[in-house]
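Comments concern the structure below.
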Amino acid sequence: MTYDPKIHHRRSIRLQGYDYSQNGAYFITLCAQDRKPIFGKIVNGEMQLSQFGIIVRDEWLKTSEMRKNIEMDEFIVMPNHFHGIIVIDDGGWARLEMNGAADLGTGTESTGTVHRAPTPAIERFGKPTSNTIPTIIRGFKAAVTKQINTIQINAGVYNMPERIWQKNYYEHVIRSEASLNKIREYIMSNPLNWIEDDLFIG
């Protein structure tokens with residue numbers, strides 16, 4: 001499976017008016033600045049993390065530990081980018097917005113009703129809102145950047161770009177179990193398909 005711009009929402013980075021604090025699953029992609037392969041390398045179809053790649057992995061796992069309403073599904077750190085699925089679940093379940101889709105939390109059949117917990121609405125007037133996708137990603141990127149910068153400074157060698165991450169990121173709202181499974185498969189097979197990936201830099 002090759003990199004699909006439709007999945008990654010390259011042209012439309014945000015859904016206008018969508019509430020990113022509501023229950024649901026989101027496919028997230030972040031790229032290293034200038035797509036530099038600073039997080040590791042692919043060897044025989046497997047990802048070998050660099051020191052910086054380990055930081056990315058560990059900080060992603062910490063994100064769910066810090067936020068009780070967040071669950072991390074499949075994810076992968078690649079040489080110059082990161083893919084991950086975030087599930088926001090404020091009410092004990094997280095349903096996908098699709099008639100007939102299986103319930104993520106219980107495996108029961110969905111009636112098509114969208115259940116939402118009383119979470120804050122989307123960030124308004126530039127003010128950060130807790131536990132929304134933008135806030136979660138902003139915190140994750142900042143934590144990774146801080147650790148990598150500290151390592152560089154302590155080593156006395158700072159040869160990294162001014163930014164560790166590209167300014168923005170890509171997300172896709174997952175609306176069905178079939179889509180969820182397809183994205184999981186894409187993430188898991190990413191190292192095997194690295195040379196065919198649009199983000200590949202030889």
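At-a-glance table
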quantity: Members of the range 42-73 that are exposed (fewer than 15 other Cβ atoms within 10 Å of the Cβ), at pLDDT below 95, within 25 Å of Lys182 (Cα to Cα) and of a type outside the set (A, V, I, L, M, F, W, C); calculated: Asn44, Gly45, Glu46
quantity: Tally of residues being surrounded by fewer than 18 Cβ atoms within 10 Å (Cβ to Cβ) and part of a loop (DSSP other than H, G, I, E, B) across the range 169-198; calculated: 5
quantity: Subset of the range 152-194 [modelled with pLDDT of 85 or more, of a type in the set (Val, Ile, Thr) and over 25 Å from Ser21 (Cβ atoms)]; calculated: Ile164
quantity: Pairs with Cβ under 9 Å, 6+ apart, first in the range 14-27 and under 16 Å from Ser64 (Cβ atoms) and assigned to a strand (DSSP E or B), second among the hydroxyl-bearing types (Ser, Thr, Tyr) and at pLDDT below 65; calculated: none
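The values are calculated or read from the model by the stated rules, or taken from the named source; none is laboratory data. These numbers come from a predicted model, not from an experiment. Note that each Cβ is placed from the backbone with ideal geometry, even for glycine, and that neighbours are counted across all protein chains shown.
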